[in-house]
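See below for the structure under consideration.
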Amino acid sequence: MPQVQEALARPIIHHRTPEFQDLFLQARSNLQEIFRTRHDLVILATSGTGGMEAAVANLLGPQSHALAVVVGKFGERWHDICQACNVPCSALCKEYGQAASVQEIRQELQRHPRVDALLLQGCETSTATSNDLQAIGRLIRQEFPQTLLVVDGITSIGCEPVDTDGWGLDVVVSGSQKAFALPPGLSFVSISPRAMQRLQEAPSSRYYLNLALEARLQAKGKTAYTASVSLVLALLEATRSILGQGLDNVIAETALMARAARAGLRAMGFTLLSSAPANACTAVYPPKGIDAAQLAARLQERFGLKVAGGQGEMKGRIIRIAHLGYFDLLDVFSVLSALEMVLIELGRPLQPGSGVSAAMQQACPQTV
């Protein structure tokens, strides 16, 4: 966004001045509105993975027990972080592209009667799969109130409805480079009163990633250590833009882009990976006889368009198309048009315009 680029180019102000503290508090307040929380929220100078590690390292320890819901590569990351932090962690593993049901989570929690935290993704970006946070939050509140619900919302916040307080989400992590359309380098961690009590009962041994310390200071506009000044100024502009458009409108536009992309891709012979597709991105298998890596390389070579490949066991098997951040519906039509041309060049029999036509019918339902 131009206003974000302009903010990044401003002279750097000192992070211990009243001027910066005021700007920091404004950005934090805007984030709380986007997260839909009235409770503590900290801004860390890390990528989203740093926010995930901070949640595990501050809330859990060697005497704790976590349950990670693994429906893709980033679910596996929860498990890996627990191992690195010496936190015992069980895993509920699903086939890539499948979401975890409430009943499956209930059964797994019943098998492990002392789970201190349930760790999962709102959107598992590696498979473009969405978990039902509202239903899972209801399950935890009603049946497992001793368990904290910790969510990687890095590609959920700003893309999917997420009611942090209303759904009882104890910790939600997000990052600057996704729906906020900023460079990577900031993570955001919301902390419920239940999670804050856990932090206070078990003071963190962490030095830099100390959530209790950061929460206490950031409520006053201060940070424990040097703030990423330029990124915070850009964050303020990005959050102003989101709230100025209306959060619900931003989410609705992202959902429309996702529906249009899925319709266009299906019309060209692609197959969706996910049975519970997310708004943030779409993951698809190419038509039979088309190599995913070759397709992605050809798109970049011919049109300068970058689509992501698969991760983990999906590497080389799928392509993924983003719908979050500084994209709009015309970008969907552009990538579908480019895909059609490349598929035709690779020998796939297609009626030119079929993908865009199917996408247009989603964008304009009255279209015949």
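The values are calculated or read from the model by the stated rules, or taken from the named source; none is laboratory data. This is a predicted model, so every value here is computed, not measured. Cβ: placed from backbone, ideal geometry, glycine included. Neighbour counts: every protein chain shown.
Set side by side, the residues LYS306, LYS288 differ, and just one is at pLDDT below 95 and under 22 Å from the mean Cα position of the chain (by Cα), which is LYS306. Candidates are the residues of segment 14-23 that are surrounded by 14 or more Cβ atoms within 10 Å (Cβ to Cβ) and out of contact with any Lys or Arg (no Cβ under 8 Å at 6 or more places or on another chain); the one that is nearest to TYR225 (Cα to Cα) is HIS15. Please go through (1) buried (at least 16 other Cβ atoms within 10 Å of the Cβ); (2) farther than 30 Å from ARG348 by Cβ; (3) touching a Gly at 6+ places or on another chain (Cβ under 9 Å) for LEU273 and return the number of the only condition it doesn't satisfy. Looking at each condition in turn, LEU273 falls short on (2). Residues of segment 124-174 that are of a type in the set (Gly, Ala, Ser), surrounded by 24 or more Cβ atoms within 10 Å (Cβ to Cβ) and assigned to a loop (DSSP other than H, G, I, E, B): SER126, ALA128, GLY153, SER156, GLY158. Every condition in (1) in a helix (DSSP H, G or I); (2) touching a Lys or Arg at 6+ places or on another chain (Cβ under 6 Å); (3) not β-branched (Val, Ile, Thr) holds for ARG106 except the one numbered (2).
When segment 309-320 is examined, which residues are found to be of a type outside the set (D, E, K, R) and at pLDDT 95 or above? It would help to see each step written out before you state the result.
Step one: list which residues in segment 309-320 are of a type outside the set (D, E, K, R), which gives 309-312, 314, 316, 318-319.
Within segment 309-320, ILE318, ILE319 meet the criteria.
Looking across segment 6-42, the residues that are closer than 16 Å to ALA181 by Cα and touching a helix residue (DSSP H, G or I) at 6+ places or on another chain (Cβ under 8 Å) come down to GLU6, ALA7, LEU8, ALA27, ASN30, LEU31, ILE34. I need the full set of residues from segment 216-228 which are hydrophobic (A, V, I, L, M, F, W, C) and crowded, with 19+ Cβ neighbours inside 10 Å, in order please. Correct list: ALA227 only. Being touching a helix residue (DSSP H, G or I) at 6+ places or on another chain (Cβ under 9 Å), touching a residue at least 24 places away in the same chain (Cβ under 8 Å) and on the phi > 0 side of the Ramachandran plot is a condition met by at least one residue of segment 309-316.
Looking only at strands (runs of 3 or more DSSP E) that fall completely inside segment 1-95, which ones have 2 or more residues that are β-branched (Val, Ile, Thr) and under 25 Å from ILE136 (Cβ atoms)?
Details: elements: 40-44, 66-70, 89-93.
By residue number, 66-70.
Taking the listed residues ALA212, ALA227, the one that is within 25 Å of LEU8 (Cβ to Cβ), outside the structural domain of ILE344 (by TED's automatic domain parsing) and of a type in the set (Gly, Ala, Ser) is ALA227, with no other qualifying.
Within segment 99-108, one or more residues are buried (at least 17 other Cβ atoms within 10 Å of the Cβ), in contact (Cβ under 8 Å) with a residue 60 or more places away in the chain and either assigned by TED's automatic domain parsing to the domain that holds ARG28 or in contact with a helix residue (DSSP H, G or I) (Cβ under 6 Å, 6 or more places away or on another chain) (or both). Are any of the residues in segment 198-218 in contact with a Leu (Cβ under 6 Å, 6 or more places away or on another chain) and in a loop (DSSP other than H, G, I, E, B)? No - not one qualifying residue is present in segment 198-218. Among the conditions (1) among the hydrophobic types (A, V, I, L, M, F, W, C); (2) touching a strand residue (DSSP E or B) at 6+ places or on another chain (Cβ under 9 Å); (3) closer than 16 Å to MET257 by Cβ, MET360 misses just one, which is (2).
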